[in-house]
Amino acid sequence: MVDARQEIAPASVAFPGDPAYAEATRVYNLAGPARPAAALTATSVGDVQAAVGYAAALRQGVRVHTTGHSAAAAPPMDGALLIRPLLGGGVEIDVERRLARIPAGTSWNAVVRAAAPHGLAAPHGTSGTVGAIGYLLHGGVSFYGRKLGMAANHIRAVELVTADGRLRRISADEDPELFWALRGGGGGLGVVTAVELALFPVADLVAGAAFWSGKNAEAVVHAWYDWTLRAPDEVSTSLRIMNLPDLPEIPPMLKGGPVVCVAGVALGDDTDSARAHAHGLLDPLRAIGGAVLDTWQDGGPEVVPEVHMDPEEPGAFIGDHFLLAEPGRDGMAAFLRLTGEGSGSPLIVAELRQLGGRFAVPDPSGGVLNHLNQRLAYMGAGVPALRGTPAEIIEHCDKVRAALAPWDTRRTAPGFVKGLDRPRGHLTEDDLRAVDHVRARVDPDGLFRGDAMPETVLGKRSA
Ligand SMILES: Cc1cc2nc3c(=O)[nH]c(=O)nc-3n(C[C@H](O)[C@H](O)[C@H](O)COP(=O)(O)OP(=O)(O)OC[C@H]3O[C@@H](n4cnc5c(N)ncnc54)[C@H](O)[C@@H]3O)c2cc1C
């Protein structure tokens, strides 16, 4: 039976059972399936406006996603209309003004491919398959971030369809309050149809990933940590303990036990200075000996989305995240004890992402989340089909959290939050109130309210 909603729906709106519904609700993180009442892939601004008008007429909540990388952290979509913007036109580069116009639906790989031939780079993260808009709205912890700060600080304008169906251009001069709230405010403000983003010039860089067997983990972990205490802002890195599955795409030397990996990007004014910065990191690590794979080498911005080797295929990722204060050697030892060889960890990856540098510097012209002044970001994730049951993964995440409790700042970076049941605290209570005030102005009926990321720690509230 066709209900009244389906009869008045614009042609592009699809319902459960339609292939177009399956396409629009596809997610990268299968641990957070999207099950809205209806869904559409919007290929034009007109599609977005028609869908918002339809939902408003029905007083139906609107949800937005692109790739579903954050699907497990999104509240359930019961009863909502899900819009997946996939707008055409491609990435446009203004070489002179060093700007990219990025239509919604674009992943970072496409931005990097468009910018790199001009010697320009974008402040993307470790994965090229992540959606540029979702990442930027969450603040964006870039793999260039110690030099550039939060990625969202580089947004110059946002094109946004609001609850009244209007397409607005939002910038520092055009509704600065909404521009502030969009950059890290947790969403729920409308459908972004494009972003104008400042690029930066990169002549040469050195980037890669070096892996050691778990037996060397203690030496590598402490050498990396000691380097982070004096690291130049030109270098951004992660340290990961990985238990990689026996899959064809995984190099054989990385299988069969925990490996420890140091990956990153070193910038410089020229090739020699980029190499010098990379050597400052790599020399003490290489002196440990026994690396099983080392891909660090000279390159350009086009290689950066590859170096972290983040998984590209969808999977059910269950995990945890929080931001750490200075852990010292005790904190690093606690991390290793819970995730390294002999720990019995079911986690596929336990990562410490280096913050500091420009990440820690407030940007008065940035959005509500314009800096992170913690020392490291911890992320841990498991995949039940590959290692451990969901219960075992969750239990182990809790053990890591307990072991790192003395250094847990109870703050989070919104993009890294792995699940709805995990504590989160991106903003202060004052900032949350100010963002809510903007939401109430641009969306008085709360059409997009369900799309706002819930906070549970500092804001002491949930969705
Ligand atoms: C393998 C992997 C690597 C990652 N690496 C990094 C990293 O290095 N640095 C980092 O900061 N983050 C990283 N992330 C996290 C990533 O930035 C977030 O998951 C981000 O939300 C992804 O955006 P998306 O649009 O692809 O995801 P989605 O799940 O599709 O979207 C997430 C949310 O963004 C909002 N949204 C998306 N598109 C729109 C739009 N057009 N209009 C309005 N709202 C929209 C919605 O609220 C949606 O719920 C990584 C994630 C994964 C899985």
- Message: Being away from the ligand (no atom under 16 Å from the Cβ), modelled with pLDDT of 95 or more and either touching a Pro at 6+ places or on another chain (Cβ under 9 Å) or more than 23 Å from GLY190 (Cα to Cα) (or both) narrows it down to one residue among ARG401, ARG461; which is it?
- Response: ARG401
- Residues of the range 399-411 being touching a residue at least 60 places away in the same chain (Cβ under 8 Å), closer than 18 Å to ALA381 by Cα and out of contact with any Gly (no Cβ under 6 Å at 6 or more places or on another chain), which ones? LYS399, ARG401, ALA403, LEU404, ASP408
- Note on the structure: Going through the range 38-53 in order, the residues found to be more than 14 Å from the ligand (Cβ to nearest atom) and touching a strand residue (DSSP E or B) at 6+ places or on another chain (Cβ under 7 Å) are ALA38
- Those residues of the range 113-132 that are open to solvent by less than 10 Å² (accessible area, probe 1.4 Å) and either closer than 21 Å to ALA172 by Cβ or assigned to a helix (DSSP H, G or I) (or both) come to a total of 4
- Inspect all residues belonging to the range 64-84 and state whether any of them is more than 9 Å from the ligand (Cβ to nearest atom) and hydroxyl-bearing (Ser, Thr, Tyr). no
- Query: Out of the range 146-176, which residues are within 13 Å of LEU355 (Cβ to Cβ) and either in contact with a Lys or Arg (Cβ under 7 Å, 6 or more places away or on another chain) or more than 13 Å from the ligand (Cβ to nearest atom) (or both)?
  - Reply: ARG146, LYS147, LEU148, GLY149
- For ARG169, which of the numbered conditions (1) in contact with an Asp or Glu (Cβ under 7 Å, 6 or more places away or on another chain); (2) open to solvent by less than 40 Å² (accessible area, probe 1.4 Å) fails to hold? (2)
- Message: Restricting to the range 269-321, and then to whatever is among the hydrophobic types (A, V, I, L, M, F, W, C) and within 15 Å of the ligand (Cβ to nearest atom), can you tell me which residue is most open to solvent (accessible area, probe 1.4 Å)?
- Response: MET309
- Task: Identify, from the list ASP445, ASP421, the residue that is at pLDDT below 95 and either touching a strand residue (DSSP E or B) at 6+ places or on another chain (Cβ under 6 Å) or not assigned by TED's automatic domain parsing to the domain that holds ALA377 (or both).
- Result: ASP421
- Query: From LEU239, LEU205, LEU244, LEU229, which residue is within 27 Å of TYR378 (Cβ to Cβ), open to solvent by 20 Å² or more (accessible area, probe 1.4 Å) and at pLDDT 95 or above?
  - Reply: LEU229
- Message: Quick check on this structure: which one of VAL221, VAL195 is among the β-branched types (Val, Ile, Thr), away from the ligand (no atom under 15 Å from the Cβ) and crowded, with 20+ Cβ neighbours inside 10 Å?
- Response: VAL221
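The values are calculated or read from the model by the stated rules, or taken from the named source; none is laboratory data. These numbers come from a predicted model, not from an experiment. A quick note on method: Cβ atoms are made from the backbone with ideal geometry, for glycine too, and the neighbour counts reach across all protein chains shown. Please note that ligands, DNA and RNA were not included when accessible areas were found on the heavy atoms of the full protein model with its side chains. Shrake-Rupley method; radii C 1.70, N 1.55, O 1.52, S 1.80 Å.
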